[in-house]
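Chemist: Attaching a single structure in structure tokens format; questions to follow.
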């Protein structure tokens, strides 16, 4: 999953040693989305290498690729948002580069409608399934 926003806070670096004796580091950041109703999201980067490669500062606009994971401890559930990539800027609205796959060729007049627009064909086939004239729900 991806989220875009402005970094509003960099939290202190957390360090420790795991059960096996290996050291670990976690850096947390607070991001604010740039929507009509902004949301604040705290995400973390785990591992010294990822922290070095994915740095961001307060007021940076970034695109964060992350995984969400929940775990149980003593009957309570805890959720973490772990970033695996942080890119500077809004990468979700960037135009497709030259290295991307070429766009599909326009459909010819001889092609059936389902070939020209498969999404429209899928919605058209399910519009009236299971409906009678007194129902307005599709199920």
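The values are calculated or read from the model by the stated rules, or taken from the named source; none is laboratory data. Just so it is clear, the model here is predicted, and its values are computed rather than measured. All Cβ positions, even for glycine, are placed from backbone atoms using ideal geometry, and neighbour counts span all protein chains on display.
Chemist: Quick test of your reading of the structure: residue 29 fulfils all but one of (1) surrounded by 15 or more Cβ atoms within 10 Å (Cβ to Cβ); (2) modelled with pLDDT under 95. Name the failing condition by number.
Modeler: The single condition residue 29 does not satisfy is (2).
Chemist: Kindly evaluate residue 109 against the criterion of being more than 18 Å from the chain's Cα centre (by Cα), loosely packed, with under 10 Cβ neighbours inside 10 Å and either modelled with pLDDT of 95 or more or under 19 Å from residue 1 (Cα atoms) (or both). Talk me through it step by step, then tell me what you get.
Modeler: Values: more than 18 Å from the chain's Cα centre (by Cα): yes; loosely packed, with under 10 Cβ neighbours inside 10 Å: yes; either modelled with pLDDT of 95 or more or under 19 Å from residue 1 (Cα atoms) (or both): no.
Considered against the rule, which asks whether it is more than 18 Å from the chain's Cα centre (by Cα), loosely packed, with under 10 Cβ neighbours inside 10 Å and either modelled with pLDDT of 95 or more or under 19 Å from residue 1 (Cα atoms) (or both), residue 109 comes out as no.
Chemist: If you go through the range 11-34 one residue at a time, how many are within 27 Å of the chain's Cα centre (by Cα) and assigned to a strand (DSSP E or B)?
Modeler: Total satisfying the criteria: 12.
Chemist: Within the range 6-26, track down each residue that is surrounded by 14 or more Cβ atoms within 10 Å (Cβ to Cβ) and closer than 15 Å to residue 54 by Cβ.
Modeler: If the condition is that a residue be surrounded by 14 or more Cβ atoms within 10 Å (Cβ to Cβ) and closer than 15 Å to residue 54 by Cβ, then 7, 10, 25, 26 are the ones that fit.
Chemist: Suppose we filter the range 39-77 for residues that are surrounded by 12 or more Cβ atoms within 10 Å (Cβ to Cβ) and either assigned to a strand (DSSP E or B) or at pLDDT 95 or above (or both); how many remain? Break it down stepwise before answering.
Modeler: Start the filter on the range 39-77 by keeping residues that are surrounded by 12 or more Cβ atoms within 10 Å (Cβ to Cβ), which leaves 41-48, 50-51, 54-56, 60-66.
Narrowing the set further to residues that are either assigned to a strand (DSSP E or B) or at pLDDT 95 or above (or both) leaves 41-46, 61-66.
The qualifying residues number 12.
Chemist: What do you reckon, is residue 101 at pLDDT below 95, surrounded by 12 or more Cβ atoms within 10 Å (Cβ to Cβ) and over 30 Å from residue 26 (Cβ atoms)?
Modeler: On the way: at pLDDT below 95: yes; surrounded by 12 or more Cβ atoms within 10 Å (Cβ to Cβ): no; over 30 Å from residue 26 (Cβ atoms): yes.
Answer is no for this residue.
Chemist: Okay, next question. Based on what the data block shows, is residue 3 assigned to a helix (DSSP H, G or I), modelled with pLDDT under 95 and touching a strand residue (DSSP E or B) at 6+ places or on another chain (Cβ under 7 Å)?
Modeler: no
Chemist: Are any residues in the range 56-70 touching a strand residue (DSSP E or B) at 6+ places or on another chain (Cβ under 6 Å) and free of Cβ contacts under 8 Å to residues at least 60 places away in the same chain, and if so, which ones? Steps first, please.
Modeler: Kept after step one, since they are touching a strand residue (DSSP E or B) at 6+ places or on another chain (Cβ under 6 Å), are these residues of the range 56-70: 56, 58, 60-70.
Once the filter is applied, which keeps residues that are touching a strand residue (DSSP E or B) at 6+ places or on another chain (Cβ under 6 Å) and free of Cβ contacts under 8 Å to residues at least 60 places away in the same chain, the range 56-70 yields 56, 58, 60, 61, 62, 69, 70.
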